[in-house]
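One structure is given below, encoded as structure tokens.
The values are calculated or read from the model by the stated rules, or taken from the named source; none is laboratory data. Here the structure is a predicted model, which means the values were calculated and not measured. Cβ sites come from the backbone with ideal geometry, for glycine too, and all protein chains shown count toward neighbours. Surface accessibility is based on the protein's heavy atoms, side chains included, excluding ligands, DNA and RNA. Shrake-Rupley method; radii C 1.70, N 1.55, O 1.52, S 1.80 Å.
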Amino acid sequence: MRELAIFGGDPVVSAGEVKSWPPITQADRDAVNAVFDSNIFHGSNAPQATALQRELEEYFGVKHCLSVNSGTAALHMAIASLGIGPGDEVIVPAFTFWATAAAVLHHNAIPVFVDIEDDAFCIDANKIEAAITDKTKAILPVHIHGMPANMDAIMAIAKKHNLKVVGDACQAHGAAVNGKKVGSIEDTAGFSTNRSKNLSSGEGGFFVTNDDDAFAVAKQLREFGEVVLPSGTREYNSFGLGWNYRSHEFINAFCRSQLKHLPENNAKRQEFAAFLTRELTNIPGFRGPYTPPGREPVYFSYIVRFCPEELGLDLTMAEYKSAVMKILAAEGIRLGQWQTRPVPGQDVFLKKQGYGKGCPWECSHYNKKIEYRGEDYPVTVDFIASHSYLAGVYPPNTLDLMAKYIEGFKKVSAQPDKIVKVAKEKR
Ligand SMILES: Cc1ncc(COP(=O)(O)O)c(C=O)c1O
């Protein structure tokens with residue numbers, strides 16, 4: 001039996017072996033440098049922004065795209081461009097990054113949370129109808145960890161109740177349902193391109209839609225509420241409240257360069273995930289993610305479930321998870337915690353800290369009482385408690401590294417007494 005690194009053995013993965021994301025090439029550097037040479041650094045009609053938008057429209061199979069400066073901005077535009085506003089309710093999954101719900105609040109609308117599926121980790125379509133009221137205007141599925149939500153069911157519910165669907169696809173560039181990419185299924189959608197994302201440009205995002213009216217509104221919202229003609233001419237007359245959500249030309253150029261590699265990078269993530277999931281099936285104590293039929297995830301994060309019961313250990317989930325994460329970290333295999341509670345359990349919701357005096361919840365346009373409690377979403381609570389993401393499951397890392405990860409999981413699984421020892425040391 002090989003000694004665990006935490007007790008002085010050799011680690012499975014050496015320091016520096018796990019490469020960071022995204023892979024940067026000379027082409028990326030050249031693309032950014034070319035922006036310096038062009039002397040055009042910003043503008044909604046700037047050449048890099050315009051070209052990026054056309055390329056993204058083609059990749060996603062959508063009619064319109066607007067490049068913006070963050071995923072949060074894109075989501076806010078996705079909400080606002082559909083006419084959702086003060087007092088309207090929007091249904092949001094309890095498990096997401098809080099910016100999803102912030103985009104709703106930014107337009108003085110009210111997030112109403114729904115728990116997630118117990119086999120995947122997206123909003124549970126079976127629980128959506130119970131959350132619909134006469135104030136509901138939209139459903140906002142999040143394709144979390146690169147897993148597309150149950151879009152067939154969600155679109156059918158939206159149709160039945162005459163609701164809009166806004167997609168948070170910030171973690172799911174290229175994920176698809178029955179061959180159709182997320183972002184192209186919803187009425188509007190927002191994507192992030194911050195550093196960690198499958199399509200990365202450091203910071204940034206983009207808005208997509210097939211709806212001409214939403215596109216026209218979103219375009220104004222991106223730039224101070226004004227209309228800016230392709231020639232750059234401005235009337236300097238704002239048609240309504242807008243922001244400065246324009247993207248930068250350096251970022252647009254970097255994003256275009258990275259976009260060229262998105263399909264092959266996603267394919268690598270899928271190959272690594274398929275290998276890990278297959279192998280983990282045979283290692284007591286751990287499980288890979290389940291993919292419901294028809295959904296094609298792109299593994300923004302590769303999620304591992306902790307299963308102490310498979311090893312017959314007398315440890316709580318928290319003790320087991322923490323001990324295993326410590327042991328694997330010493331082996332050079334990093335598991336990370338993404339989110340610590342359901343979004344409605346965050347202070348902003350518990351204390352209703354919005355605009356000034358409780359707005360939008362206590363403003364006159366919302367004549368209802370709504371209370372938020374994290375514990376009302378038990379599937380989300382359990383998911384967060386029993387899962388972590390496995391770092392480094394992307395190129396330029398290789399299948400050889402994934403094989404070492406599996407070696408590490410096997411090494412730990414074969415020494416349950418050592419897991420208990422590490423857990424007890426912490427007690
Ligand atoms: C699910 C989700 N929604 C929204 C966002 C917000 O994107 P950004 O950080 O680009 O504003 C992110 C990313 O950070 C995210 O992961």
Running a GNM on the chain with Cα contacts under 10 Å, which residue among T209, T50, T316 ends up with the highest mean-square fluctuation? T316
Just the projected area, averaged over all directions, of the convex hull on the alpha carbon atoms of the range 26-260: how many nm²? 12.4
Probe 1.4 Å - accessible area at K160, Å² to nearest ten: 140
Can you give the accessible area of D400 in Å² (nearest 10), computed on protein heavy atoms with a 1.4 Å probe? 120
Taking every DSSP beta bridge that has both residues in the range 151-265, what percent is antiparallel when rounded to the nearest 5? 75
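At 222 nm, what value in deg cm²/dmol follows for the chain if DSSP H runs of at least 4 each add -39500 (n - 2.57) and the sum is divided by all its residues, to the nearest 500?
Taking each H run of at least 4 residues, the total per residue is -10500 deg cm²/dmol.
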Most positive-pole-ward Cα, A103, P47, V343, against dipole of the chain from beta carbon charges: V343
Write down the accessible area per residue of the range 372-417 in Å², having rolled a 1.4 Å probe over the full set of protein chains. 37
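Within the chain, what percent of beta bridges assigned by DSSP are antiparallel, to the nearest 5?
65
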Please list, by residue number, every one of the trypsin sites (Lys or Arg not before Pro) in the range 1-52 that is coil in DSSP and has at most 15 other beta-carbon atoms within 10 Å. R2, K19
Computed accessible area, F275, all protein chains, 1.4 angstrom probe, square angstrom: 40
Please report the Cα spread of the chain along all three principal axes, rounded to whole Å, starting with the longest. 75, 56, 39
Partners for K421 among lysines (Cα-Cα distance below 30 Å; same-chain residues under 8 apart left out): K321, K326, K404, K410, K411
Ordering D213, D382 from largest to smallest accessible area (1.4 angstrom probe), what's the sequence? D213, D382
Reachable lysines, given that their alpha-carbon falls under 19 Å from the alpha-carbon of K197 and they are not under 8 places away in the same chain: K19, K181, K260, K268
Ranking E296, E117, E371 from most to least accessible area with a 1.4 Å probe gives E371, E296, E117
Compute the FRET efficiency between K357 and E271 as 1/(1 + (r/R0)^6), taking r as their Cβ-Cβ distance and R0 = 51 Å, and round to the nearest 0.05. 0.45
Accessible surface of the range 1-63 [probe 1.4 Å, protein heavy atoms]: carbon and sulfur percent: 53
Which whole-Hz ³J(HN,Hα) couplings does the range 350-363 yield from phi under the Karplus relation 6.51 cos²θ - 1.76 cosθ + 1.60, θ = phi - 60°, glycine and proline marked x? 4, 9, 6, 9, x, 7, x, 7, x, 5, x, 6, 10, 7
For R305 and E371, what does the FRET efficiency come to when R0 = 25 Å and r is the distance between their Cβ atoms, rounded to the nearest 0.05? 0.20
Over the range 26-260, average the accessible area per residue using a 1.4 Å probe and give it in Å², no decimals. 37
In nanometres, what is the gap between the two model label sites at A318 and Y236, each 7 Å from Cα along Cα-to-Cβ? 6.0
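Trypsin sites (Lys or Arg not before Pro) within the range 352-401: which are DSSP loop residues with at most 11 other Cβ atoms inside 10 Å?
Sparse-neighbourhood loop trypsin sites (Lys or Arg not before Pro): K357, K368, K369.
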Expressed as a whole number of Å, what is the distance separating the alpha-carbon centroids of the range 227-305 and the range 1-72? 10
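Within the range 130-222, what whole-number % of the accessible surface is contributed by carbon and sulfur, with the 1.4 Å probe and all protein chains included in the calculation?
Answer for the range 130-222: carbon and sulfur cover 48 percent of the accessible area.
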